[in-house]
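What follows is a short report on a single structure.
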Amino acid sequence: MALVDKPAGPSSFAVVAQIRRLTGARTGHAGTLDPFATGLLLLLSGRATKLTPRLVGLDKRYLTEIDLTCRTATGDLEGEVVERHAPPDAAELEARLEGLRGEIELPIPAASAVKIGGERAYKLARRGVEVEMPVRRSLVHSLDVVAYAGETVTLDVRVSSGTYIRSLAIELGGHCTSLRRTEVGPFSVDDAATPERFAAEQLLPEAAVLERVEAARATGT
């Protein structure tokens with residue numbers, strides 16, 4: 001398995017293709033990132049692709065910056081601004097954060113790959129088709145303020161798999177201006193290499209991957 005630090009810009013599938021060319025083996029992923037996002041991708045090569053079901057449900061950790069002065073249609077900086085307002089003070093921000101900790105239900109962003117009536121939601125959004133997006137139950141383990149400058153807050157977030165950080169940003173009254181995945185289960189971006197610097201000898205053996213996953217589940221981390 002490859003631990004890859006995705007840069008902003010390319011899609012996760014472009015990074016998968018880059019690693020596939022390097023290894024010459026079938027390559028898959030255990031969860032994608034939006035093009036504007038950076039950080040940890042778990043890419044599975046060769047026989048290790050069969051490990052995907054063991055990895056896709058792992059908790060994830062992110063560092064995100066959220067502009068609290070406006071909401072966008074997509075929950076990130078690529079969408080059209082749909083609402084502008086004054087940012088909350090520190091006390092109001094904490095109240096909003098407290099309401100998002102624990103088990104919650106969040107609407108899936110319109111600009112997502114979820115299928116609505118057999119078509120990807122983001123394709124419908126690009127055509128201006130308005131649909132009622134389904135909600136998804138998520139577990140927000142931690143939602144901590146790293147810095148708050150009055151208009152932009154930096155959050156350290158640990159959530160269950162499948163949680164959209166853009167949805168959290170929308171619920172807080174803002175949109176993500178940056179998003180970096182720092183951990184997936186027991187795996188950290190600190191141990192990852194950028195696609196350009198990745199080498200085949202950095203692939204983690206299947207046994208080592210399983211050992212780390214099982215140890216993390218045993219300790220609840």
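The values are calculated or read from the model by the stated rules, or taken from the named source; none is laboratory data. Being a predicted model, the structure only gives us computed values, none of them experimental. When we count neighbours, we look across all protein chains shown, and the Cβ atoms used for this are built from the backbone with ideal geometry, even at glycine.
Of all the numbered requirements in (1) over 20 Å from the mean Cα position of the chain (by Cα); (2) buried (at least 18 other Cβ atoms within 10 Å of the Cβ); (3) closer than 28 Å to ARG217 by Cα; (4) not aromatic (Phe, Trp, Tyr), ARG181 misses one, and that requirement is (1).
Hey, can you tell me all the residues within segment 145-164 that are among the acidic types (Asp, Glu) and in a loop (DSSP other than H, G, I, E, B)? The answer is GLU151, and nothing else.
Among residues of segment 93-110 that are over 9 Å from GLU171 (Cβ atoms), those with a Cβ under 6 angstrom from a residue that is at pLDDT 95 or above, sequence gap 6+ or separate chain, pair up as LEU97/LEU143; ARG101/VAL140; ARG101/LEU143; GLU103/LEU139. Among the residues of this structure, LYS50 does not count as one that is touching a helix residue (DSSP H, G or I) at 6+ places or on another chain (Cβ under 6 Å) and of a type in the set (Lys, Arg). Residues that are within 14 Å of the chain's Cα centre (by Cα) and aromatic (Phe, Trp, Tyr): does segment 61-84 have at least one? Among the residues of segment 61-84, at least one is within 14 Å of the chain's Cα centre (by Cα) and aromatic (Phe, Trp, Tyr), which makes the answer yes.
All conditions but one from (1) modelled with pLDDT of 90 or more; (2) over 19 Å from ALA149 (Cβ atoms); (3) not in a strand (DSSP E or B) apply to LEU42; the one that does not is (3).
To keep it simple, each residue is scored yes or no on (1) surrounded by 12 or more Cβ atoms within 10 Å (Cβ to Cβ); (2) among the acidic types (Asp, Glu); (3) farther than 28 Å from GLY39 by Cα; (4) touching an Asp or Glu at 6+ places or on another chain (Cβ under 9 Å).
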{"position": "ILE66", "(1), (2), (3), (4)": "yes, no, no, no"}
{"position": "ARG71", "(1), (2), (3), (4)": "yes, no, no, yes"}
{"position": "GLU80", "(1), (2), (3), (4)": "no, yes, no, no"}
{"position": "GLU98", "(1), (2), (3), (4)": "no, yes, no, no"}
{"position": "ALA121", "(1), (2), (3), (4)": "yes, no, no, no"}
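State whether one or more residues within segment 46-57 are in a helix (DSSP H, G or I), β-branched (Val, Ile, Thr) and under 28 Å from LYS123 (Cα atoms). Checked against the condition, which is being in a helix (DSSP H, G or I), β-branched (Val, Ile, Thr) and under 28 Å from LYS123 (Cα atoms), segment 46-57 yields at least one hit. Looking only at residues in segment 163-221 that are among the β-branched types (Val, Ile, Thr) and touching an Asp or Glu at 6+ places or on another chain (Cβ under 6 Å), the one that is farthest from ALA17 (Cα to Cα) is THR177.
Checked against the criterion of being outside the structural domain of ALA30 (by TED's automatic domain parsing) and exposed (fewer than 15 other Cβ atoms within 10 Å of the Cβ), the candidates ALA169, ALA149 yield just one match: ALA149.
Within segment 13-37, the set of residues being surrounded by fewer than 21 Cβ atoms within 10 Å (Cβ to Cβ) and either under 11 Å from the mean Cα position of the chain (by Cα) or assigned to a loop (DSSP other than H, G, I, E, B) (or both) comprises GLY24, ALA25, ARG26, GLY31, THR32, PRO35, PHE36.
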